[in-house]
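**Q** Got a structure for you, written out below as structure tokens; questions coming shortly.
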Amino acid sequence: MTRLARAALLLSLAGCWKLELAGVSESLLEFEPEAGAPAGWLVATIDSSLECPDGSSTAFHLIYPESASDQPLAAAVLYHSGSFDFVLAPDAAAPLDGTHFAEPSRLEASWALRQVFVTLGMYPDPDPLAVNTGLLPALLAERGVAILLPTNCWGDLWHNRPGFAESDFAADFFLREGRVAAEWSYRAAVDPFFAEALQIELPIEIDPDEVYVIGLAEGGRAVGELLALDTDDDGEPDFRPAGALVDSWSDDLRVYFADPTLYGNRVAGLVRIFPGGAPETVKGSLHSSALPPRFGYLYSTADAEVPLETHAALLSRLVSEPAAWVHRDDGQIHGLLNGFDPLLTEDAVEFLLTGDRP
């Protein structure tokens, strides 16, 4: 199937989502990223009850081998980029109308669907600064790792959860639920009883001790949010992934708040997500979260999308984490793992799965 034909099919699927909880959709696609991938891997849509601001339901997507063995598979939860948006002056009667921070709008189910398939290298990437060929999921598949991709249509950096991490509803006129999607996807991977509660029956069995988390750009915040969760306040993290990778993320959001003259529009959106301002951004950041022993962080010193200062707090911490791996690039590229550098991505996948640092 050509990329154009796949794109048309994907757009048609966007109108087929259901509001009620359901299992894996009968609509299956072959996993055929631009970067190439092993034969016999499929992309399945998993319907969700979560509702996007535009009123459409969202979904998760699962990449898995069609002829999976009876043995449990390792799995990676992959959080996509781009999940930051707000309407500058919303109207309560039509909160998504008006000028958005991001173009196109990131507050619709159709955008989130496209972004997942951009990440998979199966849909053209509209961002001229980013490169997504599907190389990362392709190399994970070559190693026999299933991939679960939640979608974020709330533009909230995967942070908000009603009742726990509230957004500013009075400013947005809609609820943001990105952290719900981040949590549910990981819990569904490690806990079959939770998946059953969501009426999800996965076509594969996942080894709960071999579940990894990966964040691309804004998806890096999802990793930090997940690692920071301690809902029973026992001092121990709720979730313990086997390893984590984060690529090209502005981890320390306090940098933006410290210079509202330079970052005024961005700060205006951040306070919708973090009504408490800069101090609220600390919890859920990677520099303050409980990192797994196997933790990889990649960034570029010349990335026009990410201020270099936003890496400083985490890099300072990682100096005392001997098992962590940091990769610095000096090229002007936003996103290192999912593009055209198979040697780097192979190194990252090897580190994630085995702990062997390049």
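**Q** Out of all the residues in region 318-340, which are closer than 20 Å to residue 219 by Cβ, out of contact with any Gly (no Cβ under 8 Å at 6 or more places or on another chain), open to solvent by 50 Å² or more (accessible area, probe 1.4 Å) and without any contact (Cβ under 8 Å) to a residue 60 or more places away in the chain?
**A** Once the filter is applied, which keeps residues that are closer than 20 Å to residue 219 by Cβ, out of contact with any Gly (no Cβ under 8 Å at 6 or more places or on another chain), open to solvent by 50 Å² or more (accessible area, probe 1.4 Å) and without any contact (Cβ under 8 Å) to a residue 60 or more places away in the chain, region 318-340 yields only 328.
**Q** Follow-up. Scan region 132-160 for residues that are surrounded by fewer than 21 Cβ atoms within 10 Å (Cβ to Cβ) and not in a loop (DSSP other than H, G, I, E, B) and report the count.
**A** Residues flagged as surrounded by fewer than 21 Cβ atoms within 10 Å (Cβ to Cβ) and not in a loop (DSSP other than H, G, I, E, B) within region 132-160 amount to 1.
**Q** Would you confirm whether or not region 78-98 contains a residue that is more than 21 Å from residue 274 (Cα to Cα) and either among the acidic types (Asp, Glu) or at pLDDT below 95 (or both)?
**A** Looking through region 78-98, at least one residue is more than 21 Å from residue 274 (Cα to Cα) and either among the acidic types (Asp, Glu) or at pLDDT below 95 (or both).
**Q** Please pick out the residue among 30, 20 that is modelled with pLDDT under 95, surrounded by fewer than 22 Cβ atoms within 10 Å (Cβ to Cβ), more than 19 Å from the chain's Cα centre (by Cα) and not aromatic (Phe, Trp, Tyr).
**A** Just one listed residue meets the conditions, 20.
**Q** Residues that are modelled with pLDDT of 95 or more, open to solvent by 70 Å² or more (accessible area, probe 1.4 Å), touching a strand residue (DSSP E or B) at 6+ places or on another chain (Cβ under 8 Å) and not polar (S, T, N, Q): does region 56-65 have at least one?
**A** The answer is no, given that none of the residues of region 56-65 is modelled with pLDDT of 95 or more, open to solvent by 70 Å² or more (accessible area, probe 1.4 Å), touching a strand residue (DSSP E or B) at 6+ places or on another chain (Cβ under 8 Å) and not polar (S, T, N, Q).
**Q** Report, ordered by the first and then the second residue, all pairs with beta carbons closer than 6 Å, sequence separation of six or more or different chains, a first member in region 341-358 that is surrounded by fewer than 17 Cβ atoms within 10 Å (Cβ to Cβ), and a second member that is among the basic types (Lys, Arg) and at pLDDT 95 or above.
**A** Once the first residue is surrounded by fewer than 17 Cβ atoms within 10 Å (Cβ to Cβ) and sits in region 341-358, its partners that are among the basic types (Lys, Arg) and at pLDDT 95 or above give 355/294.
**Q** From the list 174, 101, which one is out of contact with any helix residue (DSSP H, G or I) (no Cβ under 7 Å at 6 or more places or on another chain) and under 24 Å from residue 267 (Cβ atoms)?
**A** 174
**Q** A further question on this structure: Between a residue in region 47-63 that is closer than 18 Å to residue 80 by Cα and any residue that is of a type in the set (Lys, Arg), which pairs come within a Cβ distance under 7 Å, given they are 6 or more apart or on different chains?
**A** From residues that are closer than 18 Å to residue 80 by Cα, the pairs are 47/18; 57/18.
**Q** If a residue must be hydroxyl-bearing (Ser, Thr, Tyr) and more than 13 Å from the chain's Cα centre (by Cα), how many such residues does region 125-177 contain?
**A** So the answer is 2.
**Q** Please go through region 83-101 and pick out each residue that is touching a residue at least 12 places away in the same chain (Cβ under 8 Å), open to solvent by 10 Å² or more (accessible area, probe 1.4 Å), in a loop (DSSP other than H, G, I, E, B) and in contact with an Asp or Glu (Cβ under 8 Å, 6 or more places away or on another chain).
**A** 90, 95, 96, 101
**Q** Here's something else I'd like to know. I'm trying to understand the selection: among the residues of region 48-69, which are farther than 25 Å from residue 155 by Cβ, out of contact with any Leu (no Cβ under 9 Å at 6 or more places or on another chain) and assigned to a strand (DSSP E or B)?
**A** Listed by number, the list is empty, since nothing qualifies.
**Q** A follow-up question, please. Whether any residue in region 330-353 is assigned to a helix (DSSP H, G or I) and in contact with a Pro (Cβ under 6 Å, 6 or more places away or on another chain) is what I want to check.
**A** Within region 330-353, one or more residues are assigned to a helix (DSSP H, G or I) and in contact with a Pro (Cβ under 6 Å, 6 or more places away or on another chain).
**Q** Which residue is most open to solvent (accessible area, probe 1.4 Å), if the candidates are limited to region 118-131 and must be over 17 Å from residue 77 (Cβ atoms) and in contact with a Leu (Cβ under 8 Å, 6 or more places away or on another chain)?
**A** If we take residues in region 118-131 being over 17 Å from residue 77 (Cβ atoms) and in contact with a Leu (Cβ under 8 Å, 6 or more places away or on another chain), then 123 is most open to solvent (accessible area, probe 1.4 Å).
**Q** Further question on the same structure: Please state which one of 196, 218, 205 is open to solvent by 10 Å² or more (accessible area, probe 1.4 Å), in contact (Cβ under 8 Å) with a residue 40 or more places away in the chain and farther than 30 Å from residue 95 by Cα.
**A** 205
**Q** Follow-up. Inside region 274-305, can you point out the residues that are hydrophobic (A, V, I, L, M, F, W, C), open to solvent by 10 Å² or more (accessible area, probe 1.4 Å) and out of contact with any helix residue (DSSP H, G or I) (no Cβ under 6 Å at 6 or more places or on another chain)?
**A** Selection gives 291, 302, 304.
**Q** Something else about it: Under 8 Å by Cβ, and 6 or more places apart or on different chains, what pairs join a residue from region 133-149 that is within 13 Å of residue 40 (Cα to Cα) with one that is β-branched (Val, Ile, Thr) and open to solvent by 10 Å² or more (accessible area, probe 1.4 Å)?
**A** 146/204; 146/206
The values are calculated or read from the model by the stated rules, or taken from the named source; none is laboratory data. Here the structure is a predicted model, which is why all the values come from computation and not from measurement. When we count neighbours, we look across all protein chains shown, and the Cβ atoms used for this are built from the backbone with ideal geometry, even at glycine. Each accessible area value is taken on the protein alone, full model and side chains, heavy atoms only, with ligands, DNA and RNA left out. Shrake-Rupley method; radii C 1.70, N 1.55, O 1.52, S 1.80 Å.
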